[in-house]
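To start, the structure under review is shown below, and the notes come after it.
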Amino acid sequence: MTHSSPNAASNGHGVAVAFQDMHRWYGSVHALNGLSIDIAPGELIALLGPSGCGKTTALRALGGLDDVDEGRILVDGKDITNVPTNKRNMGIVFQAYSLFPNMTARDNVAYGLRLRGVDSAARKKKADETLELVGLGQQAGRYPHQMSGGQQQRVALARALAIEPKVLLLDEPLSALDAKVRRQLREEIRRIQIMIGITTLFVTHDQEEALAMGDRVGVMSAGRLEQIGPPSELYDRPKTRFVAEFVGLTNRIAATAQGGTVNVLGMAVPLLEGSDQSGPVEALVRPENVRLTPTDDGEARVAAVSFLGSLCRAQVTLPDETLVVAQMSASDARGLYPGAAVRVSVEPAAVFAVAA
Amino acid sequence: MTATPGGPLSAAAPGGGALIAAPKGGKRRRLSRGQTIARIAILVVVLGYLILPLFAMLEFSTRGDFGSRSLNAYAAILGKQDLIDSVTTTLQIAVLTVVGMLVLLVPTMVWTIVRVPRMRRVIEFLCLLPLAIPAIVLVVGISPIYRFMGQNFGKIGASPLTLALIDIVLVLPFAYRAIDASLRSIDTATLADAARSLGAGWVRTIVQVIMPNIRAGILSASVLAVALVLGEYTISSLLSFNTVQVVIVVLGKQDPFISVAVSFSALIFGFVLLVVIARVGGGRRTTRQVEEPAV
């Protein structure tokens, strides 16, 4: 099955990319198992999955850094499966710091232009402009060891963009950075990507990052694409058990399914497509869909309350000792304290259910 | 004797970097009188062990008539045409060995790391093999090849410069270690991937990106190669090539003063080379010490 973009829109020099039934084996490990994705021009696709799921293999195959055993890669309609890396014109930002230590930031950014025979003055101008774009115009003369990790990754981004690549490939570029810089840089990358309109493949194992950045997010497991879609669709309407369990926090609450609905904590809620449809199941309920009502006759007890700024998260023990997590605004959490009696119910939003 | 890189040159640390450890910052612990004396004693013993033979060589080679000092032995070096020729030949062999070793080893090691990392152990084993094979065995094995080259490739085949071929093999164990340590100190695979993604072919990737960043290892490997060539005797002698070591031995039988003067000069040359390498290959500091800027 090919997964294509519902809204192909580009405001820059983005090109369409297609993975067609790609397979890759490493010995007995099937790293890519029939991967097919269509990426629209200018779209940012985030590939999300646990370690070893094949997301980096897919990115490296697109960049030409790894071979594929079967299948094709099309960029702008042309088959580039057997084109060598250095002829693909892809900009890649790696997880590890990859700046050339013997070159200044400017020389790093200009290196790709030097290889393309751009004259010295034009190289310098373009390098300085691109460094300005990532907010490092003042750091052009610095060597990598004189820069922080965040600055190095910005320079790496500038270096990748300076060659005006057909596609931008981001291989977990933020994973070595601390949380604050990470958040700031991801917003910056997204801003630049939208401004340039470049087709981008972003690989990460961080759900928050993938959901925040991707036009669409593809969830991979064992070399297969489990589901691809806009972040809200992935979160609210998972199609497979893996996606339902992997993306976001979920409570597993014992329930009974019948006729397309499931009875969870006394509330009949519709089942999502792909769920187990009958018999005893575990309903996967998001914490924000769990409602707590403080009341003296409540059978559940609050075990702990965590303050998360504008939100609060409460852990509640049900009469059958099941632990359920509920998330609410800080104002709604008034009256919740460890030991408080509460009544637990769920929002009537559709849920995914798996066999108990 | 097949000389292995030793003596003062053995201090060339594989992987290069600082050859002399710099004192770390921060407060120093005050030493007791006993510890200070022990340290000085150890230093004197070690320096004595290293310097005494050199001093003896210098003393012997500068002996003049009636207890005077003379540089006649050193001046006489210039008058020995066969000695000068052998020095020239040996230096040419050294250059060829260094170039050949680098051309053979650096691309192979980079390719292994980037494309076939599982072969790394095999390459390492092959490079270390010459250490386990005695020189005489090497000569017995290789002499038919040299005879063939001498008979079929004219002047080039019979030239002592062909010794560079076997010297490249002999230096592999030392050069491999030096270059490998440098390659391990950088993220070779990622740098190569980055360069190739930007449009560089393999040659540019190695020459413009990898080699400048393993400069210390390359310099260490080169100095070890030069040291090996300067000290190699067994194979040159058995294959009847007049390298500097062979000529020194011959001279030693005729005029021991000149022989020791040449040996001493070779050691000083090696020492100077080491200092130059330490200066040039000291390397740029690569440890990151920059904090993330405030947001």
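The values are calculated or read from the model by the stated rules, or taken from the named source; none is laboratory data. This is a predicted model, so every value here is computed, not measured. Don't worry about glycine lacking a Cβ; one is built from the backbone with ideal geometry, like all the others, and counts go over all protein chains shown.
Under the condition of being over 21 Å from the mean Cα position of the chain (by Cα) and free of Cβ contacts under 8 Å to residues at least 60 places away in the same chain, the residues counted in the range A:281-296 number 7.
Taking the conditions (1) within 10 Å of the chain's Cα centre (by Cα); (2) over 16 Å from A:C53 (Cα atoms); (3) in contact (Cβ under 8 Å) with a residue 24 or more places away in the chain in turn, A:D206 satisfies each one other than (2).
Name the residues in the range A:269-295 that are assigned to a loop (DSSP other than H, G, I, E, B) and farther than 13 Å from A:A255 by Cβ, would you? The answer is A:L272, A:E273, A:G274, A:R286, A:T295.
Could you tell me whether the range B:184-192 includes any residue that is within 21 Å of the chain's Cα centre (by Cα) and either away from every other protein chain (no Cβ under 14 Å) or part of a helix (DSSP H, G or I) (or both)?
Of the range B:184-192, the ones within 21 Å of the chain's Cα centre (by Cα) are B:184-185.
Next, only the ones that are either away from every other protein chain (no Cβ under 14 Å) or part of a helix (DSSP H, G or I) (or both) stay: B:184-185.
Within the range B:184-192, one or more residues are within 21 Å of the chain's Cα centre (by Cα) and either away from every other protein chain (no Cβ under 14 Å) or part of a helix (DSSP H, G or I) (or both).
Filter the range B:260-295 down to residues that are in a loop (DSSP other than H, G, I, E, B) and among the small types (G, A, S) and give me whichever is modelled with the highest pLDDT.
Within the range B:260-295, the first condition is being in a loop (DSSP other than H, G, I, E, B), and the residues that meet it are B:281-295.
So of that shortlist, the ones also among the small types (G, A, S) come out as B:281-283, B:294.
Working: B:G281: 61, B:G282: 57, B:G283: 53, B:A294: 45.
Result: B:G281.
Taking the criterion of being within 17 Å of A:N102 (Cβ to Cβ), at the interface with chain B (Cβ under 10 Å from one of its Cβ atoms) and either in a helix (DSSP H, G or I) or in contact (Cβ under 8 Å) with a residue 40 or more places away in the chain (or both), the residues of the range A:140-158 that qualify are A:Y143, A:P144, A:H145, A:Q146, A:M147, A:Q152, A:A156.
Contact map, the range B:178-197: first residue crowded, with 23+ Cβ neighbours inside 10 Å, second residue of a type in the set (G, A, S) and part of a helix (DSSP H, G or I), Cβ cut-off under 6 Å, separation 6 or more or different chains; pairs are B:A178/B:G217; B:A178/B:S220; B:A178/B:A221; B:I179/B:G217; B:I179/B:A221; B:S182/B:A216; B:S182/B:G217; B:S197/A:G63. Taken over the range B:206-230, residues that are within 10 Å of another protein chain (Cβ to nearest Cβ), touching a residue at least 60 places away in the same chain (Cβ under 8 Å) and not hydrophobic (A, V, I, L, M, F, W, C) amount to 1. Restricting attention to the range A:169-227, the residues that are small (G, A, S), surrounded by fewer than 19 Cβ atoms within 10 Å (Cβ to Cβ) and either assigned to a helix (DSSP H, G or I) or more than 14 Å from every other protein chain (Cβ to nearest Cβ) (or both) total 4.
Could you list all residues from the range A:70-109 that are away from every other protein chain (no Cβ under 11 Å) and in a strand (DSSP E or B)? If you could, list the steps in order and put the result at the bottom.
Here is the first cut: in the range A:70-109, the ones away from every other protein chain (no Cβ under 11 Å) are A:70-83, A:104-106.
Scanning the range A:70-109 gives A:E70, A:G71, A:R72, A:I73, A:L74, A:V75, A:K78, A:D79.
Note on the range A:30-69: among residues that are aliphatic (A, V, I, L, M) and part of a loop (DSSP other than H, G, I, E, B), the one that is nearest to the other protein chains (Cβ to nearest Cβ) is A:L65.
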